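The values are calculated or read from the model by the stated rules, or taken from the named source; none is laboratory data. Fair warning: this is a prediction, and the values are worked out from it, not measured in the lab. Ideal geometry is used to build each Cβ from the backbone, glycine not excepted, and the neighbour counts take in all protein chains shown.
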Amino acid sequence: MNPFDILDEVRRRGAEAIVAQSGLSHDGLRRHLRAMVGGSDGGSGGLLQQPILEGAHPFVTVDETMAELAGGSLHPRLVDALDALAVDHEYRFPRSRHPFRHQADAWRLLAEREPQSVLVTSGTGSGKTECFLFPVLSDLVAQATEGRGALEGVQAIMLYPLNALIESQRERLSAWTAPFGGKLRYCLYNGDLQRSARQSERRVTPEQVIDREALRASPPPILVTNITMLEYMLVRADDRPIIEGSRGRLKWIVLDEAHSLVGAAAAEIALLLRRVMLAFQRTSASWPPRQRSARGLRSATNCDASWLTSGALLMKGCTSLRACAACPPGPPASRSLRPAIFAWTSPTRSMRRLVETRKYGE
């Protein structure tokens, strides 16, 4: 059944439901009502309008392949691990793939020695998660290559508004961290995380911390959580070992669905992130001065990107990433903390004024 047949069927069933609920017994009135609500003219009483078709241009890719980006924006071992997944694996990135332009630009920016904040806003299926997760993993792989044991201490906090979104990262993270034999670990920390687990259960997935007891004993470098659990972690005595084992290590803060952080939610997250930086000892030299930091956080949580030091914005289907001359001077970039502001939906009006968006065919 094609989409047009489905639309006709929805229109027919909707009309029949209204006629059945109307209680009309006159056949003529029933036929008239059925024809009116089942029609395609909304002005004449139809429930559904005619469908609107929009041609979707493909997202722009770069000339370089993943293999050519290895050793530059991404660590070679990470590129090898992504390519080594099964050919039919959903999360495989073959070395021959040409990534999207907004992905490659994000990787380049987040791999620079001078940390910068990046805001990503693009359509569904455009690979926004890879924009920030590959640089995080690349940095961790570089550290794991230098050491022998598993990395300890939270270096990246990924904040998601819904538990369903947190859970959706499990398969992706496992696929990309499992090849490193437990050196790169992550934890999905929400209310569903069990209190403790048997050692035999932990050995099944060494790349994932599956219980709170293990999380507190050995905090993993990647912590995927929500605002509520992050708040609890800051005030709950049981979670103090997570913070104490991670002090001085936090580098990345990722906000998913950043466009929803407005009003009271924006104020809450702004204050929460300040407390996070204090708890993880990311103050003074490792973060901008207090006055500018407050302004930056407030702007970030309202999805107003004018404070970003580089003016770097990644828009839907963009063909290039450019610094915006309209952006006022922002807070100086931290040398150790790289907050990646991440959004899923369309750009706000303020962003449209700052950044050009272009696609193939436009």
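Here are a few things to note about the model shown:
- One residue from 85, 78 being in contact with a strand residue (DSSP E or B) (Cβ under 9 Å, 6 or more places away or on another chain), surrounded by 12 or more Cβ atoms within 10 Å (Cβ to Cβ) and within 30 Å of residue 144 (Cβ to Cβ): 78
- Residue within the stretch 185-203 that is buried (at least 20 other Cβ atoms within 10 Å of the Cβ) and either in a helix (DSSP H, G or I) or of a type in the set (A, V, I, L, M) (or both) present: yes
- Residues being in contact with a Ser or Thr (Cβ under 9 Å, 6 or more places away or on another chain), part of a helix (DSSP H, G or I) and modelled with pLDDT of 90 or more - total across the stretch 242-266: 0
- Residue check for residue 45: in contact with a helix residue (DSSP H, G or I) (Cβ under 7 Å, 6 or more places away or on another chain), small (Gly, Ala, Ser), over 30 Å from residue 95 (Cβ atoms) and touching a residue at least 12 places away in the same chain (Cβ under 8 Å): no
- Scanning the stretch 38-75 for residues that are over 30 Å from residue 141 (Cα atoms) and in contact with a Gly (Cβ under 6 Å, 6 or more places away or on another chain) returns 39, 40, 46, 47, 49, 57.
- Taking the conditions (1) under 23 Å from residue 278 (Cβ atoms); (2) touching a residue at least 60 places away in the same chain (Cβ under 8 Å) in turn, residue 233 satisfies each one other than (2).
- If you go through the stretch 207-228 and keep only what is modelled with pLDDT under 95 and either β-branched (Val, Ile, Thr) or part of a helix (DSSP H, G or I) (or both), you end up with 227, 228.
- Selection of first residues in the stretch 17-41 that are under 23 Å from residue 7 (Cβ atoms) and hydrophobic (A, V, I, L, M, F, W, C) and of second residues that are part of a loop (DSSP other than H, G, I, E, B) and at pLDDT below 90, restricted to Cβ pairs under 6 Å at least 6 apart or on distinct chains, gives the following pairs, ordered by first then second residue: 36/45; 37/45; 37/47.
- In the stretch 101-119, residue surrounded by the most Cβ atoms within 10 Å (Cβ to Cβ) [restricted to those that are under 23 Å from residue 58 (Cα atoms) and of a type in the set (Gly, Ala, Ser)]: 106
- Residues being assigned to a helix (DSSP H, G or I) and under 17 Å from the mean Cα position of the chain (by Cα) - total across the stretch 102-131: 12
- Here residue 151 meets each of (1) among the hydrophobic types (A, V, I, L, M, F, W, C); (2) in contact with a strand residue (DSSP E or B) (Cβ under 7 Å, 6 or more places away or on another chain); (3) under 20 Å from residue 242 (Cα atoms) with one exception, condition (2).
- Selection within the stretch 132-166: residues that are small (Gly, Ala, Ser) and part of a helix (DSSP H, G or I). The member of this set that is surrounded by the fewest Cβ atoms within 10 Å (Cβ to Cβ) is 164.
- Some residue of the stretch 150-166 being free of Cβ contacts under 8 Å to residues at least 60 places away in the same chain, out of contact with any Asp or Glu (no Cβ under 9 Å at 6 or more places or on another chain) and either of a type in the set (D, E, K, R) or not assigned by TED's automatic domain parsing to the domain that holds residue 133 (or both): no
- Here residue 97 passes the criteria (1) part of a helix (DSSP H, G or I); (2) under 30 Å from residue 172 (Cβ atoms) except the one numbered (1).
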